[in-house]
Each structure stands twice: as structure tokens, then as C-alpha cells.
Amino acid sequence: MLDLEVAARGVVNTWEQGNLAQAVCSLDQALQDQDKWRLEQAGAIAQARELYGCETCVIDPLPLVAPSEVGTFVAAWLWVPNPR
């Protein structure tokens, strides 16, 4: 997940420095990785929805994922009410 943000910031940061093509290629690779991981981890995404999905924990249709050898992180949105 962090890889995608780092790649996007690389595009933004190199916009005026002339090496934009390299940064865009890195961003493209990060996006391709996410597409691949989402397919590979479809079961983990479904399990995350089953275990944690509710009114206060929403998982996007195509969430960011970060697989590892022992499990997968699946990005979710957590509702936090404004303080009173």
C-alpha cells in the first residue's frame, strides 16, 4: 500500500525535474502489482468483508492489499465520529 503512495509522490515530485517517465513507470508497476495481488488475494478480501465488514468498517470493492507469507492486509475504511 505504501509502495503505491511512494510511486505517486515520485510522479508528483519529478514532474518538473525531467525524469517523469521513470516515475510514471514506477507508478504503473505499483498499480499492476495491486491488480495482481487483488486477484491472488480474492479469498482474503472476501474473508475480511465477512469478518469485519459492518456500518463502521467498510472495505472498498477493489481494496488495496499487501500480501505476506503469513497473511494479507486488506485496506478498510473505519468510521470515527466527530468529538462532541
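Working carefully through the options Gly71, Gly53, find the one that is free of Cβ contacts under 8 Å to residues at least 24 places away in the same chain, more than 17 Å from Glu5 (Cβ to Cβ) and not aliphatic (A, V, I, L, M). Give the steps one after another, and end with the answer.
Values: Gly71 fails: free of Cβ contacts under 8 Å to residues at least 24 places away in the same chain.
Checking each option against the conditions leaves just Gly53.
One residue stands out among those in segment 14-23 that are of a type in the set (S, T, N, Q) and open to solvent by 100 Å² or more (accessible area, probe 1.4 Å): the one that is farthest from the chain's Cα centre (by Cα), which is Gln17.
Among the helices (runs of 4 or more DSSP H) confined to segment 1-70, the ones with at least 3 residues that are modelled with pLDDT under 95 are located at 2-14, 20-40.
Just name the residue that is farthest from the chain's Cα centre (by Cα) out of those in segment 24-54 that are among the basic types (Lys, Arg) and open to solvent by 70 Å² or more (accessible area, probe 1.4 Å). Explain how you work it out, then say what you get.
Taking segment 24-54 as the starting set, the residues that turn out to be among the basic types (Lys, Arg) are 36, 38, 49.
Subset that is open to solvent by 70 Å² or more (accessible area, probe 1.4 Å): 36, 49.
Details: Lys36: 12, Arg49: 16 Å.
By that ranking, first place goes to Arg49.
Taken over segment 71-81, residues that are in a loop (DSSP other than H, G, I, E, B) and open to solvent by 100 Å² or more (accessible area, probe 1.4 Å) amount to 2.
The values are calculated or read from the model by the stated rules, or taken from the named source; none is laboratory data. Computed from a prediction, not measured in an experiment: that's the story for all the values here. Virtual Cβ from ideal backbone geometry, glycine too; neighbours counted across all protein chains shown. Areas reflect the complete protein model, heavy atoms only, side chains present, ligands, DNA and RNA absent. Shrake-Rupley method; radii C 1.70, N 1.55, O 1.52, S 1.80 Å.
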